[in-house]
Amino acid sequence: MSKKNQTKREAYAKKQEEKGKKVVGWIFGGLIILAVIYLIWTFSMMA
């Protein structure tokens, strides 16, 4: 494999890793927000 292809592949892998971390962050953020909304809803039903 040529050096040019290898550097392109490494750059692509780095981009994919960064995008993946961002997606995981958004998913966890969304889950936390949903949990907070559920807690508020639960305590409002008890009152």
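Summary table below
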item: Cross-link reach list, lysines versus Lys3, counting only Cα pairs under 17 Å and skipping chain neighbours closer than eight places; result: Lys14
item: Rounded tilt (10° steps) of 3-46 against the dominant C-alpha axis of the chain; result: 0
item: The chain - mean residue ellipticity at 222 nm from DSSP helices (-39,500 (n - 2.57) per run, n ≥ 4, rounded to 500); result: -35000 deg cm²/dmol
item: Average projected area [Cα convex hull, the chain], square nanometres; result: 3.1
item: Dipole of the chain [Lys/Arg +1, Asp/Glu -1 at C-beta], most positive-end residue of Trp41, Ala11, Gly29; result: Ala11
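Only the coordinates and a few stated rules stand behind these numbers; no lab work does. The shown structure was predicted, so the numbers you read here are calculated from the model rather than taken from an experiment. With ideal geometry, Cβ positions are generated from the backbone for all residues, glycine too; neighbour counts draw on all protein chains shown.
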